[in-house]
Structure formats: C-alpha cells, structure tokens
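The structure appears right after this line, and notes come after that.
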Amino acid sequence: MRQIPRRDGEVYHRTFPLYGHTWKRVILIDSKGNNMTSSTPNMNTPTQTADVLIVGGGPAGLAAAEAAARTGARTVLLERHKEIGYPIHTSGGSWIADMVALGIPSSLYHPIRHVIFLTPNNAARFDYDKPVCCVLDVRGVYQYLASQAIRVGATIRPGSPVEGPILEGGHVVGVRAKNSLNEPEEWRASVTIDCTGFSSIIASRAGLHVGYRRYGYGAEWDLIAPNYPEDELYLIMGSQVAPAGYAWTFPHGKGRVRLGIGIIRPDVDEDARLYLNTFIERLPQMAPVFAGASPIEYHVGLFPSEGMMQHFVSNGLITAGDSAGQGSTLVGEGIRFAIYAGQMAGVTAARAVQRGDTSASMLSEYERAWRTKFGRNLEIALLINKRIAVYTDAKWDKRLEILKQLTPIQAAEIMRGDFTPKLLLGILRRNPGLLSESAGKFLRLLLKKFSNGQQTAEVDSTSTDLTGKP
C-alpha cells in the first residue's frame, strides 16, 4: 500500500505475489512524487561505457546484442546468472518456419508430427506428415544466440546482476550493477535495452510501466521417459488438471519430455506446482507413457498475460521480449517473439547511436515496426486467452468439437497465433452452427479487427453465405 510522500526519500511499498509468497519492492519518492529509486552515479564506483547496453541474457537480450553489434555499436550484455541458458523458465515450444527464418540450427529443435488436445471428456488429434511445430533445446538455443552475438563483436558478462537504472534529465543513461566478484560498478550507455523478462527491472524502476498484475505461473519437470512417444505432443485442458490454464507434454529428443502445468493468476488462486506433483493421479490415462519416467530437471517461470506494454520506449531506454509483454498469451509462447523483438530493438538502438539521437521519439521507430508486424495477432491472442481462461470443463468439451472440424493446418495456425480473415472465416465455414452461438459473435468481433473497405464487403458476403441473410 502506497504511503503519500511528504519529504524527499520517503518510502512506499508495492507488494505482488510470486511463487506463493508476497514480495515487496521498495521505491523512494521525493516531495513532488518523483521516483528516486534510480539514483545518479556514485562517484566512488568504477564506471564503464558502451554504446548499447543490454540487461538480460535471454533470447531477446542475446538477439539484441547480435543485432546491435552487427550494426556497428559497441555492445555489452549483462546477465545476472553465472551462465547463459540457466536456469530454464520455459517449455520451449515453437515453430519450425520461425526457427528456419531466425537461422537456428535444426539440431537445436525437435520436430513434432502429432498434436493431441485432451479435455475432460473429449480428444482431438492432428497429424503432420511434414512437421510444423517443434520443441527447442532451450539452453542450446540460448547459447547459440550468445555465440552469434560474440562472433560479431558483442561482449557478454555473466554473473553481473543489475540493480537499477541511472536517470539524468529524464533519460536513462546507464545502470547500477555488480560484477562477478559482487563489487559495485556503473555502466554508461547511449541506449539501454531492458530484456530482464517478467521482472522488467529497468523499465519498471525508470517509470515506463508498473509491472504485470496478470501472469501465467508455470511449473515443469524435464524427465527421462523411455516409454513416451517422441513425436507426440499433448495439450491438456480442464479444471482437474490446470484451472484457468493448461498442461503440456513436450518431447524434445533422446528420451526426454517436459511435463508442465501453467495457471493464470490472479484468475485463479492455485499453485501450479501442486497440480504438477499430482498430474498422473489427476489424469491416469497418461500413466502408461510415463511409466518408468523420472525427472532430471525442475523448472518454474512466470509469463506476462495481460498483453503488450502501453509503451516500449522512453528516452535512452528500449524494452524487448517479456519485459514489454511481447509474447503470445494464447499458449504462453515467447521465445520466437523475443528473438524478433531483440533483433528489431538492437538495430534501432545502434542506429540511434549513429544518429546521435536516443530520444523516445527516435527509439519509437522500433515500437511502430513491432506493432505493425505483430500487434494485431497478439491482441487477438489476448482476447482469446481471457475468454478461454474461464471455460468450464463442459465448455472445453464442447469447444473441442469445433477444433476437431478443422484441418491440421488450421489448427496449427490457431496455436501459432497466425490469425487472418481466411482462417477465421474457415472456422465459420466448417462450423456454421457457431453463428447462432456466443462463439459466433466472438468470431465476428475478431473479424472486425481486419475489416476495412473491400475486406469488410468480403466478410459481410461470407457471413451472408453462411447464414442465408445479411
């Protein structure tokens, strides 16, 4: 609860739930209500410099480092953990076409040929002779991205936790950090890129946004499972397994499978870890494929589930990846979006340095480009996510009947969040009864996001064909 500041340096606390506990972020406020948490540099602390400084060594940060260095900027990345790719906070589900486009070696992802959806009393299976989705070697992909950044001149410094931004005259001009010896240091840079993920350390402490209130909370075992079919991926919905979320089984080769549970908070007040530990008891039909399995890794993670930040940039600061809410809330997928965002952010930052203009106006070129390319689909994904998060078990059973009418490619397009009028109209054509249900109204709402001019006429014409009336 905030205390009204009456003198410089007064403190207020903002509490937020994390892993079943309540944590406090302490923020200093001056007499005018300005955030003092991001202090000016301590003259006794060693200072280092870069053109572009990246905070966070996940996929967004690593991609940003390569892009900025390749564009000619002196680039440094600070990562708080002692190695890139550890710990793992993601299940690694992704798409082969994107991995090819991003230059990720095929040895770092495992193709999936069969996708099975399970609800309490229904099932749908989609088979792909040519696989379209995949499960990543997450640590391998991150370290590959790091190697690519280093090869073009970026410097990566593991074991370098960042405490907060340095603000001068309304600009972010660097960060306060510690080195691998736990000694304080300060970094000065023309542009800082916040890739700290869910915590958004730099953006939140610089006042760009207040943090995420709605989020996916996931827990996952990475198992050796000798009886699990390595080309089958399961997505499992229902209140007994994952209320306001879903469970997954993601094989990633060599007999290994990631079994996880994701739950949306604060939509429900449940602990994903408890559901994970009782998964087989709750879904005994999966027991045969997990016979003889045992975990060798345990992962937990948080994923922003309230959509993109209102603004991605401020003076001297860019946010990318989960820090900016740039993932698909439909299935909690973020890695490919983070890489794309990092690439765009790194290029924009380097060009801003070259032009001598690191204002929010200049850096907003990145924001406009991102929203043009991905904004609409991510907005639609959020609308769907909020709708299905409240589904009852009976509603899930019923909606799976709709999914069963689709082609494998249409099902993949939905999972990928590749929404187009063609896809939405195709769903209606295969399920004409939807037009008289609330789902039909929802699909019409989504179609309006694409409707303009000639496209509006096409939508109206198709709706007339399906209903027999305008």
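Data overview
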{"quantity": "Value in Å of the Kirkwood radius, where the chain supplies the Cα pairs that are averaged", "calculated": "23.5"}
{"quantity": "Pair E379, D357: separation of 7 Å Cα→Cβ label points (nm)", "calculated": "2.7"}
{"quantity": "Degrees separating the helix 376-388 axis from the principal Cα axis of the chain, which is the longest one", "calculated": "60"}
{"quantity": "Extended-chain gain in nm, criterion 0.36 nm per residue less alpha-carbon gap, T47 and V300", "calculated": "87.6 nm"}
{"quantity": "Potential lengthening between K254 and A123 on full extension [0.36 nm per residue; Cα-Cα distance subtracted]", "calculated": "44.5 nm"}
{"quantity": "Selection from G159, P243, H209 lying farthest towards where the dipole of the chain points positive, charges on Cβ", "calculated": "H209"}
{"quantity": "FRET E, pair S106, A291, Förster distance 30 Å, beta-carbon r, rounded to 0.05", "calculated": "0.50"}
{"quantity": "Computed over the chain: relative contact order in percent, which uses C-alpha pairs under 8 Å that are six or more apart", "calculated": "17"}
{"quantity": "Listed peptides 128-139, 385-396 by packing density, highest first (mean Cβ within 10 Å)", "calculated": "128-139, 385-396"}
{"quantity": "For segment 220-299, alpha-carbon Rg and Dmax in angstrom", "calculated": "12.2, 37"}
{"quantity": "Nitroxide proxy distance, nm - points 7 Å out along Cα→Cβ at S147 and H81", "calculated": "1.8"}
{"quantity": "Antiparallel bridge percentage (DSSP; both residues within the chain; nearest 5)", "calculated": "75"}
{"quantity": "Where labels lie 7 Å past Cα in the beta-carbon direction, separation of E365 and D269 in nm", "calculated": "4.9"}
{"quantity": "Helix axis angle, 360-370 relative to the chain longest principal axis, alpha carbon, degrees", "calculated": "20"}
{"quantity": "Spatially proximal aspartates and glutamates relative to K404 (Cα-Cα < 13 Å; intrachain offsets below 8 disregarded)", "calculated": "D127"}
{"quantity": "Shape of segment 176-272, Cα gyration tensor, a/c cut at 1.5", "calculated": "oblate"}
{"quantity": "Debye, to nearest 20: dipole size of the chain, +1 on Lys, Arg Cβ, -1 on Asp, Glu Cβ", "calculated": "760"}
{"quantity": "Rg/Rh for segment 260-346, where both radii come from Cα atoms and Rh is the Kirkwood radius", "calculated": "1.11"}
{"quantity": "Segment 154-212, dipole about Cα centre (Lys/Arg Cβ +1, Asp/Glu Cβ -1), debye to the nearest 20", "calculated": "80"}
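Since every read-out is calculated from the coordinates, none of them should be taken as a lab result. If you're wondering where the values come from, they're calculated on a predicted model, not measured in any experiment. A quick note on method: Cβ atoms are made from the backbone with ideal geometry, for glycine too, and the neighbour counts reach across all protein chains shown.
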